[in-house]
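Student: Below is one structure. I have some questions about it.
Taken together, the values in this text are just the output of simple stated rules run on the coordinates, not laboratory data. In this text, all values refer to a predicted model and were calculated from it rather than measured experimentally. Don't worry about glycine lacking a Cβ; one is built from the backbone with ideal geometry, like all the others, and counts go over all protein chains shown.
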Amino acid sequence: IRQMLEEKDQLSRQDFARMQVDVLSMRAVEAVPRLIDILARSSEDRVSRAVGYLKPWDHRMGPDSVAASLFEVFFFKWSETIAGERFENDAVPLVAGAVAGMATRLLSDDIGWFESKTRDEAVIESMTRALDDIEGRLGPDMDNWKGGEIHRIKLPHFLSGRGDLGSLLDRGGRPIGGNGITVCNTGYDPNYLAAIGANWRHNADLADDPPGLWAVDAAGQSGHP
């Protein structure tokens, strides 16, 4: 947010609207160059193909980006690998959700966390697990592994689950960009679906004559816009 605020001296309503849907992952900006260096040491064809998507990536978690899904699922598996090295299996899911900072650091600085394998082996193993996961969900063609194919938003109605009303009133299931750490925060659950998001967004322009308010609402608490 600070970077976008400092891009220009005077910001328009359109600039703020753009900020609200910004999906640049600063984690990816920091981590991907180091990740590519490590993965380049693998001789596995699928890993090499994944590197081919990651190299030109702009680090934006866009719904049409293959690299976005590769990095998102890899980082999830990588965090599990880190937690699994020092914690019992039943604690791994809890710990893995809290090691993001360390997971990013370990890609650039091997601090001796791993004892059962090397850091690079652990990284490549995590990417292989990520590739297996995505392939199981979307099939073998990596060109179809777009971020929005696994990261979708559901908009269940308040009356969802009550007979046939859900099929009539529920909305969503559509691809969406962002994740849990982008300015456009759409989160993710264990299945990589969008778990949260800004239902209501608005921009007020007090310089207009008369002043104006522009707003968008995905779905109200009652299920009505």
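Student: Treat each spin label as a single point 7 Å out from the Cα along the C-beta direction, and report the R171 to D189 distance in nm.
Tutor: 1.9
Student: Something else now. Counting other C-beta atoms within 10 Å, and keeping those with at most 10, which DSSP coil GluC sites (Glu not before Pro) do you find in the stretch 72-129? Numbers along the way, then the final one.
Tutor: Values: sites: E72, E80, E85, E88, E115, E121, E125; in loops: E88, E115.
Here the sparse-neighbourhood loop sites are E88, E115.
Student: Here's a follow-up. Work out the length of the dipole vector of the stretch 2-51 about its Cα centre, built from +1 on the beta-carbon of each Lys and Arg and -1 on the beta-carbon of each Asp and Glu, and round it to the nearest 20 debye. Each step should come with its number before you reach the end.
Tutor: On the way: 9 positive and 9 negative charges, 30 e Å.
Computed charge dipole of the stretch 2-51: roughly 140 debye.
Student: Also: Grab the Cα-Cα distance for I36 and E125, subtract it from 0.36 nm times how many residues apart they are, and report the gain in nm with one decimal. Could you put the intermediate results ahead of the total?
Tutor: Working: separation 89, 0.36 × 89 = 32.04 nm, distance 1.39 nm.
Once the chain is fully extended between I36 and E125, it gains 30.7 nm.
Student: Please go through the residue pairs K55/K77; K77/K117; K8/K154; K55/K146 and name each one whose alpha carbons sit more than 24 Å apart in this structure. Let's see the in-between values first.
Tutor: Numbers: K55/K77 20 Å; K77/K117 16 Å; K8/K154 36 Å; K55/K146 16 Å.
Over 24 Å Cα-Cα: K8/K154.
Student: Here's something else I'd like to know. What FRET efficiency, computed as 1/(1 + (r/R0)^6) with R0 = 25 Å and r the Cβ-Cβ distance, is obtained for D217 and E7, rounded to the nearest 0.05? Write down the numbers at each step before the final one.
Tutor: Numbers: r = 28 Å, r/R0 = 1.11.
That gives a FRET efficiency of 0.35.
Student: Ordered by residue, what ³J(HN,Hα) values in Hz, to whole numbers, does the stretch 74-83 give under the Karplus form 6.51 cos²θ - 1.76 cosθ + 1.60, where θ = phi - 60° and Gly and Pro are x?
Tutor: Running phi through 6.51 cos²θ - 1.76 cosθ + 1.60 with θ = phi - 60° gives 4, 5, 5, 5, 5, 5, 5, 4, 4, 5 Hz.
Student: Which of the three applies to the stretch 1-88, rounded, prolate or oblate, going by the alpha-carbon gyration tensor with a ≥ b ≥ c and a/c under 1.5 meaning rounded? List each step's numbers first, then the result.
Tutor: Values: a/c = 2.73, a/b = 1.91, b/c = 1.43.
Verdict is prolate for the stretch 1-88.
Student: Choose one of L213, I196, P175: the residue whose Cα lies farthest towards the positive end of the charge dipole of the stretch 73-225 (beta-carbon charges +1 Lys, Arg; -1 Asp, Glu; about the Cα centre).
Tutor: Projecting each Cα onto the dipole axis, the largest value belongs to L213.
Student: Then there is this: Hey, got a sec? Which trypsin sites (Lys or Arg not before Pro) in the stretch 94-185 land in a DSSP loop and have at most 15 other Cβ atoms within 10 Å? Mind dumping the intermediate values first?
Tutor: Working: sites: R105, K117, R119, R129, R137, K146, R152, K154, R162, R171; in loops: K117, K146, R162.
Answer by residue number: K117, R162.
Student: Sticking with this one: Does the stretch 69-206 come out rounded, prolate or oblate, given a ≥ b ≥ c as the square roots of the eigenvalues of its C-alpha gyration tensor, rounded meaning a/c under 1.5 and, failing that, prolate meaning a/b above b/c? Provide the component values of the computation, followed by the final result.
Tutor: Values: a/c = 2.11, a/b = 1.79, b/c = 1.18.
Verdict is prolate for the stretch 69-206.
Student: Starting from the stretch 47-103, pick out the chymotrypsin sites (Phe, Trp or Tyr not before Pro) whose DSSP state is loop and whose Cβ has at most 15 other Cβ atoms within 10 Å.
Tutor: Values: sites: Y53, W57, F71, F74, F75, F76, W78, F87; in loops: W57, F87.
Answer by residue number: F87.
Student: While we're on this one: So what's the net charge close to P93: Lys and Arg +1, Asp and Glu -1, counting the other residues with Cβ under 13 Å from its Cβ?
Tutor: Details: positive: K77; negative: E80, E88, D90, D189.
Around P93, the charge tally is -3.
Student: Per 0.36 nm of contour for each residue apart, how much would the distance between D205 and D90 grow if the chain were fully extended, relative to their Cα-Cα spacing? Walk me through the numbers before you get to the answer.
Tutor: Details: separation 115, 0.36 × 115 = 41.40 nm, distance 5.13 nm.
Gain on stretching D205 to D90: 36.3 nm.
Student: Now, a different point. Want the number for S160 to W113: 0.36 nm per residue separation, take away the alpha-carbon distance, what's left?
Tutor: Numbers: separation 47, 0.36 × 47 = 16.92 nm, distance 4.59 nm.
Extra length from S160 to W113 when fully extended: 12.3 nm.
Student: E135 to M26: FRET efficiency via 1/(1 + (r/R0)^6), r the Cβ-Cβ distance, R0 30 Å, to the nearest 0.05?
Tutor: On the way: r = 28 Å, r/R0 = 0.93.
Here the calculated transfer efficiency is 0.60.
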